[in-house]
Each structure stands twice: as C-alpha cells, then as structure tokens.
Amino acid sequence: MELQFEGDELKSVLNRLRRAQGQISGVIKMIEEGRDCEDVVTQLAAASRALDRAGFAIIATGLQQCIADPGRGGSDGETTEQMKARLEKLFLSLA
C-alpha cells in the first residue's frame, strides 16, 4: 500500500523527521564533547519522541486511507485482513 500524503501532512512528518535528525546530530556532538550523561540522555529521548510521532503520523495516514478506501488493498492480491495485520504489525513496532 502506497501512502498518499497531502501538503500539510507531508510537511508535518518531514518537520518531525528533520527535528529528530538535528537532535541526533546534537547527541553525537554532545558525546564527542564529553557532555554530561543526563543532558545526552535528555536529548536522545527528545529525538526518540520525534521519531515516534513521525511514525505514528505515517501509520495514522495509512489507516485513514484504508478506512476511506478499504478496497484499495496493498500488495498484489492482498486481502483486507492481510493488510490489517500488516498495519497492526507496523503500529506495534512503534509501541
């Protein structure tokens, strides 16, 4: 199943991913500089949350599109139940 993002949805996900990218770069720099462990972990947790939110936004868009057009299906010959199981597995991978 291909996701179709609209302008605002795409911007939101990309902004979250760019924020996480910047935070991860910051974590690397902090480690290289020998910064305090608590500061490093705090920044790493923020990056993790940004990635989680981006992932959930992507999955929410996929679910919304499946509900709007359940016959759309995913891979060739994939049933609705198979698609549901695949989306559930993706969702749980972020939980």
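The values are calculated or read from the model by the stated rules, or taken from the named source; none is laboratory data. Being a predicted model, the structure only gives us computed values, none of them experimental. We place every Cβ from the backbone using ideal geometry, glycine too, and count neighbours over all the protein chains shown.
If the condition is being without any contact (Cβ under 8 Å) to a residue 12 or more places away in the chain and either basic (Lys, Arg) or surrounded by 15 or more Cβ atoms within 10 Å (Cβ to Cβ) (or both), then region 22-45 contributes 29, 35.
Out of everything in region 54-73 that is under 19 Å from residue 9 (Cβ atoms) and either more than 18 Å from the chain's Cα centre (by Cα) or outside any helix (DSSP H, G or I) (or both), what residue ends up being modelled with the lowest pLDDT?
Start the filter on region 54-73 by keeping residues that are under 19 Å from residue 9 (Cβ atoms), which leaves 54-69, 72.
With the extra rule that they be either more than 18 Å from the chain's Cα centre (by Cα) or outside any helix (DSSP H, G or I) (or both), the set shrinks to 67-69, 72.
Numbers: 67: 65, 68: 66, 69: 66, 72: 54.
So the residue we want is 72.
I'd like the residue in region 1-21 that is of a type in the set (Gly, Ala, Ser) and either surrounded by 14 or more Cβ atoms within 10 Å (Cβ to Cβ) or closer than 19 Å to residue 94 by Cα (or both) and, out of all such residues, is modelled with the lowest pLDDT. By that ranking, first place goes to 12.
Looking only at region 26-61, residues that are of a type in the set (Val, Ile, Thr) and more than 30 Å from residue 91 (Cα to Cα) come to 1 in all.
Among the residues making up region 27-53, none is modelled with pLDDT of 95 or more, small (Gly, Ala, Ser) and touching a helix residue (DSSP H, G or I) at 6+ places or on another chain (Cβ under 8 Å).
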